[in-house]
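Quick notes on the structure that follows.
The values are calculated or read from the model by the stated rules, or taken from the named source; none is laboratory data. This is a predicted model, so every value here is computed, not measured. Note that each Cβ is placed from the backbone with ideal geometry, even for glycine, and that neighbours are counted across all protein chains shown.
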Amino acid sequence: MTVADRQQLSELVDWADVAVRAGNQLQLSTLGRAIRDPDVLERALEFLEAAEAGGAFMSSGDSANLRATLRPLNWAADVQSGPGSLVSDAESHKFDYEALTEFLRGMRSTVGQVLQGERADANALAKCIRFLDSLGEILGMRADQQMRATSLPCSTLGTF
Amino acid sequence: MEQELLSRLRTLVAFELESYEGRLRSLSSSQYPSDVALRLIQHIAAEIRAQRTEIDQLVRDFRDDPERVARGLSSQHRLLINRLAYLSSLENAQTEAVPWSLVPSIERLASVLIPNKHLLSTCTYSLNYGIRWYPVARSALQSFLLLELPAIHRTNAFLHVLVGHELFHPILNDFFEQHAPTVMARLRGSIQDLLARHPPRQPLPERRLDKLVELGRAIWQRALEEVMCDLGCAAIFGPPALFASLAFALGSDFDEPPSPAGQFYPPPRFRFRQVLRFAFHDWGGDQDVGGPVEAGDDAEKPLEKLCRVLNEKQFEWAVDVLRKQFGIIKKEVTKDTDLRAIHKEPLVEIAYGEVSQSLPSAWDYVQEKIDATGVAWAVAIDEIPQLLSKLEMLVPPGEISLESDPLGGRSASLSAIAIAMWVHHLRDEIPAAGLSLDDLLKDYHRECRLMLKAFEDVELRREYDSRRMNRDNP
């Protein structure tokens, strides 16, 4: 594994964890319990902002808020087009960046409400939780695949 | 998940945490060439304690939701497994595992280039040099950088000049944050055109535009980042940066095209060409040092000054060595086999078009960084003749003697040491035809020892000067 691979792996592991923990915090709020980890919701907002800026760029070419990478958008689009998709199959194959951007914007607003201690719409909150849970699952699975060492005879790994 | 399985998962993670802590305790009693390792151990131990708290809270929060607890535990397990690399780095950062005489010099250079970060030098049994940092926002581990040297070259001091390349990686973020959006905007247009002209056969999502633009950006950044680090190394160490990267790349294909399997690393020949062009004015050794990339600058160029100073001090042979070596490199970069490989793949070709456009501003950025830190090789050129004189007597070239103070002296600059050592070494290589491989290797080992000793002397001298200053000015 190269240095760049390992750096990307750490990033995957980190964002997978952020998604899992942020989903947990939102779930707590649906149970009427206090948020105990606002930091992780702040990080989820960072992610959503970056993905939203990427979506706006892809749909309209507007690069004003674009970050240095499109990875958050790539991952958000993977969630939307994957199993248990948040949009219909037909839509997911169109890769409607505008719809995705709109969806991300709505999520950002919902997470922001929870963070501010405001009452969020129950349906919107449920969608957010499903999205974050799926994101955590997809990124976590990719990280696991990269971390796993494969058993192979030495001859297939090269000679020493 | 069944409660029974959940309980087993919890035991598994608890076992891992305990085992990790035990290994950390054991590593904290090992010897390291500086205190960075111990500080890192303390920070990791704090993160492990935080993980325990997180797990306890998770179990309390979701007593009635085993799926959510399982998901949280899996994530904590993953975080821990990902941090195993730190244990391996710490094991290989122990004094006997690293070129310990070089470590203080590397740490000092790092502290100038990357303030507020701690550098842990470690050796790995891997092909190349590398630097890593924990990319997680708001983690105390973010302030630690792990510098990896190839263990098989632990005592190969000549190659360790490449540390200058690695130290540049963490300081390029600003550049990419500033330039990536503009580049991505152009990439988006070019890739859309490409898709319109050559619709790829692969099914979705490989055709998804956001993934292709991100891939193009990654190819652009990988190429530019490596070249910028090469340029940074050249700005710090001067010609040895080019000599060391050429020597290091000799075992690989100079024209290896950027590919997913190779993490889109740019071909070595492409990198040499950019360094020769920007840092050394395309000098081919057979003529006067060439003109600047931007016309209108009449100031003496560092390479010109180096040749002049060496000639003035009767080290004409050293100028001949430089001429010959730059001639060799120029000949290599005149070939265009790397460019032909790049042009074979349309997406790579598009990304490299952006690399060419970005290079002038990338060089400006590197120069700004170097100017702000005062570690440019150009400021140490006057030291080189004296260091060469020491080397003629096999004295480690780590100190500059002062005529005004026979007992005094001062540390030599790292770049001056590297230049003197490389030039001296390459001179010895010339009449080596009659020597056996054993003799050549023996000479090489001796020169490596001289270089490592010089780097060690630099820091010892600095320490002495600092104590003397404190004593004289209490």
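Within the stretch B:306-341, restricting attention to residues that are assigned to a helix (DSSP H, G or I) and in contact with a Pro (Cβ under 6 Å, 6 or more places away or on another chain), the residue that is modelled with the lowest pLDDT is B:A341. I'm trying to understand the selection: among the residues of the stretch A:1-45, which are over 16 Å from A:E137 (Cα atoms), free of Cβ contacts under 8 Å to residues at least 24 places away in the same chain and facing chain B (nearest Cβ under 8 Å)? Once the filter is applied, which keeps residues that are over 16 Å from A:E137 (Cα atoms), free of Cβ contacts under 8 Å to residues at least 24 places away in the same chain and facing chain B (nearest Cβ under 8 Å), the stretch A:1-45 yields A:T2, A:V3, A:A4, A:R6, A:Q7, A:L28, A:R33, A:R36, A:D39.
Across the stretch A:104-136, the qualifying residues are those that are surrounded by 20 or more Cβ atoms within 10 Å (Cβ to Cβ) and of a type in the set (S, T, Y), and the one among them that is farthest from A:W15 (Cα to Cα) is A:T110.
For the stretch A:83-103, taking the residues that are among the hydroxyl-bearing types (S, T, Y) and surrounded by fewer than 20 Cβ atoms within 10 Å (Cβ to Cβ), the one that is modelled with the highest pLDDT is identified as A:S85. What's the number of the only condition in (1) touching a residue at least 60 places away in the same chain (Cβ under 8 Å); (2) of a type outside the set (A, V, I, L, M); (3) out of contact with any helix residue (DSSP H, G or I) (no Cβ under 9 Å at 6 or more places or on another chain) that B:H179 fails to meet? The failed condition is (3).
Check B:S101, B:S105, B:S121 and return the single one that is away from chain A (no Cβ under 14 Å) and assigned to a helix (DSSP H, G or I). Working first, answer last.
Values: B:S101 fails: assigned to a helix (DSSP H, G or I); B:S121 fails: assigned to a helix (DSSP H, G or I).
Going through B:S101, B:S105, B:S121 in turn, just one is away from chain A (no Cβ under 14 Å) and assigned to a helix (DSSP H, G or I): B:S105.
For the stretch A:48-82, a tally of residues being of a type in the set (D, E) and either buried (at least 20 other Cβ atoms within 10 Å of the Cβ) or facing chain B (nearest Cβ under 8 Å) (or both) returns 2. When restricted to residues that are within 8 Å of chain A (Cβ to nearest Cβ) and not in a helix (DSSP H, G or I), the stretch B:54-75 contains 2. Residues that are among the β-branched types (V, I, T) and either under 30 Å from B:G130 (Cα atoms) or surrounded by fewer than 18 Cβ atoms within 10 Å (Cβ to Cβ) (or both) within the stretch B:40-91 comprise B:I41, B:I44, B:I48, B:T53, B:V59, B:I81, listed in sequence order. Only one of the numbered conditions (1) in contact with a Leu (Cβ under 7 Å, 6 or more places away or on another chain); (2) within 19 Å of A:V13 (Cβ to Cβ); (3) modelled with pLDDT under 95 is not met by B:E16, and that is (3).
May I ask you to say which residue of B:L460, B:L437, B:L414, B:L426 is surrounded by fewer than 12 Cβ atoms within 10 Å (Cβ to Cβ) and not small (G, A, S)?
B:L437
For B:V103, the conditions (1) over 30 Å from A:G140 (Cβ atoms); (2) in contact with a His (Cβ under 8 Å, 6 or more places away or on another chain) all hold with the exception of (2).
Go through the stretch A:120-160 and give me each residue that's at pLDDT below 90 and either farther than 30 Å from B:A261 by Cβ or among the charged types (D, E, K, R) (or both). Selection gives A:R148 alone.
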